[in-house]
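Notes for the one structure printed next.
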Amino acid sequence: MIRKTSTADPELVDAAGADLGPIGSLVSLVQYRELIRNLVFKDLKLKYRGSVFGFLWSLLNPMVMIVVYLVAFKYIMAIRGSGFVFLLLLGILPWTFFASSAGMGAGAIVDNGGLLKTVHFPRAVLPISSVLFNLAQFLLTILVFLPVMLAIYRTPSPALLLFPLVVVLQLAMTAGVALALAAGAAYFRDVRHLLDIVLMVMFWTTPIIYEYDKIPEVWRKVLFLSPMTPFVLAYQQICFYGRVPDLEVCIAAILYAAVAFCGGFLLFTRFQHDFVEQV
């Protein structure tokens, strides 16, 4: 629950200005998990408020996307490679989750200046809840997309059991990026404009609309500079090729997840006590 107060609450020291440190701030997030959950559900309800079909739109969207891409790539562009649309969407969907989370995370502090000045709560709640909101959207889409694509193109393999683990790793990486962007944008408004350019570059340097195995060997290592590359490849190798991700893909995904989350959280907690002054 969010509580208005004029004095520092011992349980909300990080929000009131004292230094709990990274561990204390992480504990405060766990203590306020109910608040995070309520914010996520609030955003989901607001998105579909007033619509007749409500959450069914989240299920309809991937179905329409599948049909559009099938028509566009298989019939209009005559790309008849087996399962190309499946491979393409396995890149686009996690990319959309990441890009939307990064965009919302960058504005999580700046866009809530009034709330920060009147209510005490762990500041990391804002970017984390925006990431979880986009995660919910991603999972709702996958709920429809994956069974349909597997029914059309592939027989599910045991490697599919690793899918949730990749989602967790991407969630950690994305949360870390969102935290870092939220802190950066609070001090430098240009971060949000720069993010648009960075995301554009990242999209084209991540094997989404082209197959990783078909690019020259010399460029493959370069693509791993994009933090989304190992996650897109992991989804594709698990779901499309039906095998355990390559060792270098696993190592890169784990490293990006660990470094991004730890780095982003440390950066956020280091500067969070000055957010009110900056916004």
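Of note:
- Candidate values (1) 20.8; (2) 20.1; (3) 18.6, label of the one derived for Kirkwood radius over Cα pairs in Å: (2)
- Quick note on the stretch 194-246: its Rg to Rh ratio, both from C-alpha atoms and Rh being the Kirkwood radius, is 0.99.
- Each of Glu211, Glu34 has some number of other Cβ atoms within 10 Å of its Cβ, and from fewest to most they run Glu34, Glu211.
- Charged-residue dipole, Cβ positions (Lys, Arg, Asp, Glu), the chain about Cα centre, Debye nearest 20: 700
- Relative to the dominant Cα principal axis of the chain, helix 21-31 is inclined by about 80°.
- Coupling constants for the stretch 97-111 follow from the phi torsions by the Karplus curve (6.51 cos²θ - 1.76 cosθ + 1.60, θ = phi - 60°), and in residue order they are 4, 5, 5, 5, 5, 5, x, 5, x, 4, x, 4, 8, 4, 7 Hz; glycine and proline get x.
- Most mobile listed residue (Met149, Met77, Met228) in the chain, GNM with C-alpha springs under 10 Å: Met77
- Once the Cα atoms are used to define both axes, helix 163-187 deviates from the longest principal axis of the chain by about 50 degrees.
- For the chain, built as a Gaussian network whose Cα springs stay under 10 Å, the top-fluctuating residue of Ala252, Ala108, Ala175: Ala252
- Under 5 Å, built H, 5+ apart or other chain: amide partners of His120: Arg3, Thr5
- Helix-only [θ]222 nm of the chain, DSSP H runs n ≥ 4, -39500 (n - 2.57) each, per residue, nearest 500: -21500 deg cm²/dmol
- Among Trp204, Trp219, Trp95, the largest mean-square fluctuation in a Gaussian network model of the chain, built with springs joining Cα atoms closer than 10 Å, belongs to Trp219.
- Val201/Leu255 FRET efficiency (R0 22 Å; Cβ-Cβ; nearest 0.05): 0.60
Throughout, read-outs are computed from the coordinates displayed, never taken from laboratory work. Not measured: the values here are computed from a predicted model. Every residue, glycine among them, receives a Cβ derived from its backbone with ideal geometry; neighbour counts consider all protein chains shown.
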